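Below you'll find the structure, written out as structure tokens, and then a few comments.
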Amino acid sequence: MKPQVVQLARQLITFPSVSSASNVPISEYVASLLEGGGFKVERVAYLDAAGVEKLCIVAKLGEGKGGLALTGHSDVVPAPPAGWSADPFQAQVREGRLYGRGACDMKGPVAAALCAALRFRASQLKAPLFFLCTADEEVRARGAREVVRSSRLFREACSGYGLICEPTRMQVIHAHKGSLHMEVRSKGRAAHTSTLKGVNANIRMIPFLAEMKKIYELVLRSKRYSNDEFSPPQSEWSIGINDYNPATNITPIRSVCTIRYRPMPGVDSAGLIRRTRELARQHGLECQVHWVGEPLYTPPDSPLVQTALALTGTRVSRTVPYGTDGTAYAVRMKNLVVLGPGDIAQAHTVDEWVEIDQLHRAEELYTRFIDHVCVQNLP
């Protein structure tokens with residue numbers, strides 16, 4: 001018996017799969033549904049930075065390469081109970097809405113995509129159907145990066161279309177910003193501040209921060225670091241600073257500058273990285289690039305975007321300033337759009353919710369998409 005979208009979404013919400021915990025139970029549940037529907041399932045397992053077991057699911061129905069991939073993630077942000085009207089991991093249905101952590105981001109959308117995928121059998125398909133459900137999307141798309149690195153089935157899907165089923169209120173999103181995370185460290189020597197024998201790590205960091213201020217001003221002012229397809233058309237060179245000093249009478253022995261940036265399509269973020277590394281070297285500082293995520297961009301006149309517009313009955317695709325697992329997938333998969341039920345404004349909020357009507361609309365849309373690409377084998 002095929003699952004119903006609201007009941008499945010409620011079931012997925014009951015798994016407390018916050019990014020700091022293991023997502024293996026929910027991933028195995030999703031895998032069991034897919035295997036029961038005739039999909040071949042590949043499990044991509046890894047340990048996160050804290051040594052916690054994580055599991056991504058990549059599944060395939062049908063034969064060949066390309067086709068259509070529906071993608072989502074199983075992890076959610078934390079849900080401290082303060083302010084919630086009910087247990088965030090016990091979904092509630094009220095006044096046409098489904099409430100619970102992940103209802104919008106993105107267990108509701110995953111349920112809609114799963115229900116659509118499970119309507120089909122391999123014998124119906126002329127092109128393959130893929131289903132991806134990752135861990136750690138909320139942690140710099142770590143799970144998607146593991147999939148790109150090691151999944152055989154993902155390599156088979158790369159030449160086809162990808163639908164990232166994140167909440168967009170069913171609007172077609174053809175582009176979003178990427179992500180960049182760097183860290184620069186200064187080292188000092190501890191001493192009581194009265195002795196003048198310490199080396200203050202912050203003093204060594206200050207000249208470098210002055211250079212970072214110049215980059216901050218550059219990316220907000222210069223046309224070559226803007227993209228008018230986005231609102232806002234710039235991204236901030238976001239600078240953080242912390243010395244973690246336990247007491248003010250101890251000379252700070254470390255100073256850490258964090259840099260975050262959301263590069264847009266067409267922006268030379270590699271040049272900014274090189275400049276930052278060289279400035280750190282000049283000032284005797286350590287520089288580490290933790291993560292570079294590609295911006296997603298599929299041309300609005302591409303067959304995928306035009307098909308998505310036709311199937312949704314809309315005329316214009318859009319861009320968004322936030323990111324998705326597409327920051328990892330875009331390295332290999334060039335035909336991607338973001339398209340899903342719910343409003344991103346509800347993601348990560350207390351009493352997170354998604355409209356039930358949106359879940360039903362998404363299931364039907366994904367069903368039509370599968371029929372168009374995989375059954376009819378149309379562009």
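The values are calculated or read from the model by the stated rules, or taken from the named source; none is laboratory data. Computed from a prediction, not measured in an experiment: that's the story for all the values here. Cβ: placed from backbone, ideal geometry, glycine included. Neighbour counts: every protein chain shown.
Some values worked out for this structure:
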read-out	value
Listing of strands (runs of 3 or more DSSP E) fully contained in region 306-379 that carry 1 or more residues being surrounded by 24 or more Cβ atoms within 10 Å (Cβ to Cβ) and under 15 Å from the mean Cα position of the chain (by Cα)	336-338
Among the residues listed as Arg189, Arg204, the single one being modelled with pLDDT of 95 or more and surrounded by fewer than 19 Cβ atoms within 10 Å (Cβ to Cβ)	Arg189
First in region 172-191 and within 25 Å of Leu365 (Cβ to Cβ) and outside any loop (DSSP other than H, G, I, E, B), second anywhere and at pLDDT 95 or above and among the aromatic types (Phe, Trp, Tyr), Cβ under 6 Å, 6 or more apart	Ala175/Tyr297
Residue match in region 195-208 (condition: part of a loop (DSSP other than H, G, I, E, B) and under 20 Å from Arg43 (Cβ atoms))	no
Met333 vs. criteria within 30 Å of Arg149 (Cβ to Cβ) and assigned by TED's automatic domain parsing to the domain that holds Ser235	no
Condition check for Gly83: small (Gly, Ala, Ser) and surrounded by 18 or more Cβ atoms within 10 Å (Cβ to Cβ)	no
Arg43 vs. criteria surrounded by fewer than 23 Cβ atoms within 10 Å (Cβ to Cβ), basic (Lys, Arg), touching a strand residue (DSSP E or B) at 6+ places or on another chain (Cβ under 7 Å) and under 25 Å from Arg145 (Cα atoms)	yes
Arg140 vs. criteria at pLDDT below 95, touching a strand residue (DSSP E or B) at 6+ places or on another chain (Cβ under 9 Å), assigned by TED's automatic domain parsing to the domain that holds Ile344 and in a loop (DSSP other than H, G, I, E, B)	yes
Residue under evaluation Trp291, criteria (1) crowded, with 22+ Cβ neighbours inside 10 Å; (2) aromatic (Phe, Trp, Tyr); (3) closer than 30 Å to Leu218 by Cβ, criterion not met	(1)
Single unsatisfied condition, Ile215 versus (1) surrounded by fewer than 17 Cβ atoms within 10 Å (Cβ to Cβ); (2) out of contact with any His (no Cβ under 6 Å at 6 or more places or on another chain)	(1)
Top-ranked residue of region 240-256 - restricted to ones that are in contact (Cβ under 8 Å) with a residue 60 or more places away in the chain and of a type in the set (Ser, Thr, Tyr), ranked as surrounded by the most Cβ atoms within 10 Å (Cβ to Cβ)	Ser255
Exclusive hit being in the same structural domain as Ser150 (by TED's automatic domain parsing), buried (at least 22 other Cβ atoms within 10 Å of the Cβ) and of a type in the set (Lys, Arg), set Arg101, Arg97	Arg101
Scan of region 1-57 for residues that are charged (D, E, K, R) and in contact (Cβ under 8 Å) with a residue 60 or more places away in the chain, ordered by number	Lys2, Arg10, Lys40, Glu42, Asp48, Lys54
Of the criteria (1) surrounded by 21 or more Cβ atoms within 10 Å (Cβ to Cβ); (2) out of contact with any strand residue (DSSP E or B) (no Cβ under 8 Å at 6 or more places or on another chain), which one Gln124 fails	(1)
Thr276 vs. criteria part of a loop (DSSP other than H, G, I, E, B) and either in contact (Cβ under 8 Å) with a residue 12 or more places away in the chain or assigned by TED's automatic domain parsing to the domain that holds His360 (or both)	no
Residues that are closer than 22 Å to His290 by Cα and of a type in the set (Ser, Thr, Tyr), drawn from region 184-216	Ser186, Tyr216
Some residue of region 314-323 being modelled with pLDDT of 95 or more and charged (D, E, K, R)	yes
So Gly102, is it in a strand (DSSP E or B), in contact with a Ser or Thr (Cβ under 8 Å, 6 or more places away or on another chain) and touching a residue at least 24 places away in the same chain (Cβ under 8 Å)	no
